[in-house]
Structure formats: structure tokens, C-alpha cells
Amino acid sequence: MTDLHPDIERILISEEDIQQRVAEIAAEIDRDYKDAGQVVLIGILKGAFIFTADLSRKIHVPHSVDFMSISSYGDTAESIGAVRLILDLRKPIVDKHVIVVEDIVDTGHTMNYLYQTLMGRGPASLKTCSLFKKNRDRLDVPLDYVGFDLPDVWVVGYGLDYADTHRTLPYIAELKKEVYS
Ligand code: PRP
């Protein structure tokens, strides 16, 4: 048994379970896009960089990878749900088959913004993929591929952070409450 980092309360999803689920999602995408020709995966930085890398290496249909970076404006009452584009795609997606790749959907504001923004750019199709979603009330956003439901606690690992730390843990873990409260 590996020693856990002192900030970690417990492991929620093991590295093996994550890797198996990523392979299952990749197989679903291979089935769904077998006749699509070319697919564009859009990884959402920073959190989805690890999932995007693993998923893209397990997908066999021809695809390219691009990235966007999104940030929430803040947590004042007026700014809740407002998101801002930090980094845009390198190439247009008009007439392309696009899959947005997120690490987590929490309130749904980020995915909602991405969906509206990317739909406005005229893709041939647009689907959404998130490895994790929180068990909580959220905006009604379309989610085509989802890996795991997570409890509404602070989770880190596999791209998810606390103050930019713990992103590279290979598993998903619950952070101790005293670390963030
Ligand atoms: C996280 C995550 C999603 C977003 C989901 O990003 O990567 O993009 O929050 O939350 P929502 O459903 O409530 O909108 P974060 O803002 O933490 O930035 P990061 O990915 O750069 O860490």
C-alpha cells in the first residue's frame, strides 16, 4: 500500500479503474465515429490535459487534438457562472466532427459556455465528454460521454487540482477538509 499524501483523506477512484474507463470511452468513440473520417478532440485546460492525452492515445479513429483554456471570473454573486476564454483553438472547426473533452462537470457553467460557443462556429457535429461529473444540481448541459459520478467533495488527481497542486496524482482522491476550509 502506497503512503498517501498528508492532504489526502482517501482514494475515491483507483488508477486502474480510471484507465479502464478511459479505454471504454475510447472504444465508444471509435464505434460512434467509425465513418466520420476525421475527428477533432478539444481538451479544456488545464484540468483535462491528462485525460485528453490518455484518451487520444486510446482512440483509433483518425483524429487531431486542439486545446482551449477557460477560466471562471470569480465567486462574487454577480460573477457566478461567468466564464472567460483565455486561449482559443489553433484552427477553425467549421464542418468538423468535434468532441469537447473535460475532466469534470460541476455546476455545468463551463460546459454550457463551451457548447454554445463551439456550436456557433458551425461544426459538422458537436459532442461532449467528461471523465467526471459531480453529484449535484447543475445546468442542463448535454453530456454524451461520462466516466464517473463523484460525490460533492473537493477532489484532486488525474488533472484536478487544489490551488494548482495534486494534478498529477494517477488516482482521484478526496482532499481533507482542513486543507481547504
Ligand atoms: C474546472 C474543470 C472544468 C470546470 C468545471 O476548471 O476543469 O473546466 O472547473 O466547473 P463548472 O462545471 O462548475 O463550470 P477550473 O476552473 O478549476 O480550471 P482548471 O481546469 O484550469 O483547473
(request) Taking LEU55 as the residue in question, decide whether it is within 16 Å of the ligand (Cβ to nearest atom), assigned to a strand (DSSP E or B), touching a helix residue (DSSP H, G or I) at 6+ places or on another chain (Cβ under 7 Å) and under 18 Å from LYS127 (Cα atoms). (result) no
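Within the stretch 16-38, track down each residue that is assigned to a helix (DSSP H, G or I), acidic (Asp, Glu), out of contact with any Gly (no Cβ under 9 Å at 6 or more places or on another chain) and open to solvent by 40 Å² or more (accessible area, probe 1.4 Å).
GLU16, ASP17, GLU28, ASP32 - these are the residues of the stretch 16-38 that are assigned to a helix (DSSP H, G or I), acidic (Asp, Glu), out of contact with any Gly (no Cβ under 9 Å at 6 or more places or on another chain) and open to solvent by 40 Å² or more (accessible area, probe 1.4 Å).
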(message) Which of the numbered conditions does ALA173 fail, given that it passes all the others? Conditions: (1) within 14 Å of the ligand (Cβ to nearest atom); (2) within 20 Å of GLU16 (Cβ to Cβ).
(response) (1)
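Just a yes or no: is a residue in the stretch 110-119 in contact with a Gly (Cβ under 6 Å, 6 or more places away or on another chain) and near the ligand (Cβ under 8 Å from one of its atoms)?
No, the stretch 110-119 contains no residue that is in contact with a Gly (Cβ under 6 Å, 6 or more places away or on another chain) and near the ligand (Cβ under 8 Å from one of its atoms).
Taking the stated definitions as given, is ARG136 within 12 Å of the ligand (Cβ to nearest atom) and of a type in the set (Lys, Arg)?
So ARG136 passes the test.
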(request) Kindly indicate which of SER181, SER125, SER130 is away from the ligand (no atom under 16 Å from the Cβ), under 24 Å from ASP66 (Cα atoms) and among the hydroxyl-bearing types (Ser, Thr, Tyr). (result) SER125
(request) Give the residues of the stretch 107-142 that are among the aromatic types (Phe, Trp, Tyr) and in contact (Cβ under 8 Å) with a residue 40 or more places away in the chain, sorted by residue number. (result) TYR113, PHE132
(request) Give just the number: which of (1) open to solvent by less than 50 Å² (accessible area, probe 1.4 Å); (2) more than 16 Å from the ligand (Cβ to nearest atom) does LEU41 not satisfy? (result) (2)
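The values are calculated or read from the model by the stated rules, or taken from the named source; none is laboratory data. Since we're looking at a predicted model, the values are computed, not measured. With ideal geometry, Cβ positions are generated from the backbone for all residues, glycine too; neighbour counts draw on all protein chains shown. Ligands, DNA and RNA are excluded from the accessible area calculation, which covers all protein heavy atoms including side chains. Shrake-Rupley method; radii C 1.70, N 1.55, O 1.52, S 1.80 Å.
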